[in-house]
Amino acid sequence: MIKTQRIYDKPAGDNSFRILIDRLWPRGLKKEDVKIDLWMKDIAPSNELRKWFAHDPQKWNEFQEKYFKELDQKKELVTILIEKAGERDITLLYGAKDETYNNAIALKMYLENKIKPATTL
């Protein structure tokens, strides 16, 4: 299972593998005070895309399309996440205040689409 959680929130207490997926370290947090297993800076959206999006809900669909194209170019990193998700639950950690429109939600959707076998109607 793939979950998302804001890094500022207290860990859920589960045994998931916790991955910070932001390019920048979250403000106000010390690395030694945060429970993460891996920091994957390079899986985050490019700086240009991140700044353009700025968590604007009206740009959400276009952001996803552009981010998914970036992820298509990061096959090695995507494979690492898919393999981790196959071994145990993973939690994608993000720093954004917006819990609905952020890169973790988009990445979760992308990964789930890659993991699920194609179905026919």
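Computed quantities for the displayed model
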quantity: All positions within region 74-99 that are outside any helix (DSSP H, G or I) and over 22 Å from TRP25 (Cα atoms); calculated: ARG88, ASP89
quantity: Residue within region 100-109 that is outside any helix (DSSP H, G or I), within 12 Å of the chain's Cα centre (by Cα), closer than 16 Å to ASP22 by Cα and not polar (S, T, N, Q) present; calculated: yes
quantity: Residue within region 49-67 that is touching a Leu at 6+ places or on another chain (Cβ under 7 Å), of a type outside the set (Phe, Trp, Tyr), more than 26 Å from GLY13 (Cα to Cα) and modelled with pLDDT of 95 or more present; calculated: yes
quantity: Qualifying residue in region 14-28 (condition: over 17 Å from MET109 (Cα atoms), hydroxyl-bearing (Ser, Thr, Tyr) and either loosely packed, with under 15 Cβ neighbours inside 10 Å or in contact (Cβ under 8 Å) with a residue 12 or more places away in the chain (or both)); calculated: yes
quantity: Within region 13-28, tally of residues that are part of a loop (DSSP other than H, G, I, E, B) and closer than 18 Å to ASP98 by Cα; calculated: 8
quantity: Matching residues in region 29-60 - criterion: being part of a loop (DSSP other than H, G, I, E, B) and either in contact (Cβ under 8 Å) with a residue 12 or more places away in the chain or surrounded by 15 or more Cβ atoms within 10 Å (Cβ to Cβ) (or both); calculated: LEU29, VAL34, LYS35, ILE36, ASP37, MET40, ALA44, PRO45, SER46, HIS55, ASP56
quantity: LYS10 being within 20 Å of LYS97 (Cβ to Cβ), part of a helix (DSSP H, G or I) and over 15 Å from the mean Cα position of the chain (by Cα); calculated: no
quantity: The listed residue being of a type outside the set (D, E, K, R) and free of Cβ contacts under 8 Å to residues at least 40 places away in the same chain, out of THR91, THR79; calculated: THR79
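The values are calculated or read from the model by the stated rules, or taken from the named source; none is laboratory data. Remember, predicted model here, so these are calculated numbers, not experimental data. We place every Cβ from the backbone using ideal geometry, glycine too, and count neighbours over all the protein chains shown.
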